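To keep things clear, I will list the structure first and then write my remarks on it.
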Amino acid sequence: MTITGGYEIIWDEDPVCLPVGDQFLTEDGGGRILPFLYRCTDDRTAYQDLQVSFSNSNPELIVVDLTEGDIRLSLQSESSGQAMIQTTATDAAGNTWVETFFVNVQNIDDTPVLQEFQSLVPVELSMPTDISFDYTDVDSFGLTASSNRSWATVDVFNKTVTVIAPTPGFTSVLISLCDQTSCHERILDLEVLALPDLFVEEIDLGTDIVRSGDIVSIRVFVRNIGQAEASLISVRCESNSELIDFETLPLLQPGNVAYVTCDWQVPVDREQVQILSLIHISEPTRPY
């Protein structure tokens with residue numbers, strides 16, 4: 001017998017890994033780390049040297065990669081749905097192991113976020129005051145809002161709280177912003193101010209007949225229709241925008257009327273004169 005040739009056959013097996021299986025996550029709940037490489041075996045290639053690649057059907061939902069031998073699933077922000085992941089492990093000879101699994105991300109209805117109000121908001125007693133606010137909600141429509149005070153109403157569309165505070169002093173209002181499943185609350189702190197409200201009720205010349213050159217005592221009546229006393233009320237008398245006199249009322253209680261007297265010499269060279277009186281107080285008040 002003569003042997004003229006021979007054959008050597010080398011057989012390389014496919015790698016084998018334990019499957020990770022389908023994954024179930026929740027939106028905003030964070031990702032997941034799945035142990036992988038050390039659970040793989042191969043007849044000729046060490047598990048650390050296996051090459052791992054991924055195919056991802058929905059990268060807008062989830063990002064998948066290999067980190068320190070583990071499969072890392074990272075959720076995209078504010079996303080939910082399903083992705084199909086195909087994992088391929090390849091040895092040095094090009095043999096492969098393939099697994100296809102699904103990642104399901106459950107939608108979570110995020111709580112609306114009501115932005116903080118300023119530390120203390122001044123409002124006038126018994127007068128409607130609109131206070132602006134802002135909020136965010138990434139995945140809800142038809143938000144509702146309410147307050148714990150009957151005199152404070154919330155307009156979600158225009159983002160305003162309208163208050164008509166019934167008593168002076170410091171008070172708080174609880175504002176609640178809700179979607180279909182949850183609510184977010186903030187405290188609105190108010191300083192309710194009782195303010196004076198002044199107007200010139202009458203300008204009295206004291207006579208029906210005014211002659212050129214006469215000295216006339218003009219009485220200016222000022223009434224306080226507000227809810228607080230006014231002090232140091234300046235009264236300015238003018239004739240055709242020229243200053244006649246300047247007087248001061250030291251104090252005027254709510255509901256009361258008082259007057260000052262401005263002495264005026266009637267000009268000799270004019271047939272018609274406009275008399276005007278302006279008032280100003282040292283404390284804040286509504287325009288008058």
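Is there a residue in the range 8-22 that is surrounded by 11 or more Cβ atoms within 10 Å (Cβ to Cβ), over 23 Å from ALA92 (Cα atoms), touching an Asp or Glu at 6+ places or on another chain (Cβ under 8 Å) and in contact (Cβ under 8 Å) with a residue 60 or more places away in the chain? No, because not a single residue in the range 8-22 is surrounded by 11 or more Cβ atoms within 10 Å (Cβ to Cβ), over 23 Å from ALA92 (Cα atoms), touching an Asp or Glu at 6+ places or on another chain (Cβ under 8 Å) and in contact (Cβ under 8 Å) with a residue 60 or more places away in the chain.
I need a count of the residues in the range 70-84 that are touching a residue at least 40 places away in the same chain (Cβ under 8 Å) and in a strand (DSSP E or B). So that I can check it myself, show each step before the final result.
Let us first name the residues in the range 70-84 that are touching a residue at least 40 places away in the same chain (Cβ under 8 Å), namely 71-75, 78-80.
Of the ones still in play, those that are also in a strand (DSSP E or B) are 71-75.
The total comes to 5.
Test CYS178 against the stated conditions and say whether it is surrounded by 13 or more Cβ atoms within 10 Å (Cβ to Cβ), under 30 Å from LEU143 (Cα atoms), of a type outside the set (D, E, K, R) and touching a residue at least 40 places away in the same chain (Cβ under 8 Å). So CYS178 passes the test. One residue stands out in the range 76-103 among those that are open to solvent by less than 40 Å² (accessible area, probe 1.4 Å) and within 37 Å of the chain's Cα centre (by Cα): the one that is nearest to THR41 (Cα to Cα), namely VAL103.
When the range 200-255 is filtered for residues that are hydroxyl-bearing (Ser, Thr, Tyr), assigned to a strand (DSSP E or B) and farther than 22 Å from LEU125 by Cβ, the ones remaining, listed by number, are SER217, SER234, SER239, THR248.
Within the range 183-208, residues that are within 30 Å of GLN253 (Cα to Cα) and among the β-branched types (Val, Ile, Thr) sit with their Cβ atoms under 7 Å from residues that are assigned to a loop (DSSP other than H, G, I, E, B) and open to solvent by less than 70 Å² (accessible area, probe 1.4 Å), at 6+ positions apart or across chains, in these pairs: VAL192/LEU125; VAL192/ALA165.
Scanning the range 74-95 for residues that are out of contact with any Ser or Thr (no Cβ under 7 Å at 6 or more places or on another chain) and of a type outside the set (A, V, I, L, M) gives SER74, GLN76, SER77, GLU78, SER79, SER80, GLY81, GLN82, THR87, GLY94, ASN95.
Restricting attention to the range 209-220, which residues are β-branched (Val, Ile, Thr), more than 15 Å from THR261 (Cβ to Cβ) and either touching a residue at least 12 places away in the same chain (Cβ under 8 Å) or touching a Gly at 6+ places or on another chain (Cβ under 9 Å) (or both)?
Once the filter is applied, which keeps residues that are β-branched (Val, Ile, Thr), more than 15 Å from THR261 (Cβ to Cβ) and either touching a residue at least 12 places away in the same chain (Cβ under 8 Å) or touching a Gly at 6+ places or on another chain (Cβ under 9 Å) (or both), the range 209-220 yields only VAL210.
The condition of being among the hydroxyl-bearing types (Ser, Thr, Tyr) and without any contact (Cβ under 8 Å) to a residue 60 or more places away in the chain holds for only one of THR41, THR87, that being THR41.
Considered as a group, the residues in the range 35-69 that are within 30 Å of VAL138 (Cβ to Cβ) and assigned to a strand (DSSP E or B) include one that is least open to solvent (accessible area, probe 1.4 Å), and that residue is ILE62. Taking the criterion of being open to solvent by 40 Å² or more (accessible area, probe 1.4 Å) and modelled with pLDDT of 90 or more, the residues of the range 181-192 that qualify are CYS183, HIS184, GLU185, ARG186, ILE187, ASP189, GLU191.
The values are calculated or read from the model by the stated rules, or taken from the named source; none is laboratory data. Computed from a predicted structure; not experimentally measured. With ideal geometry, Cβ positions are generated from the backbone for all residues, glycine too; neighbour counts draw on all protein chains shown. We work out accessible area using only protein heavy atoms, side chains counted, and drop any ligands, DNA or RNA first. Shrake-Rupley method; radii C 1.70, N 1.55, O 1.52, S 1.80 Å.
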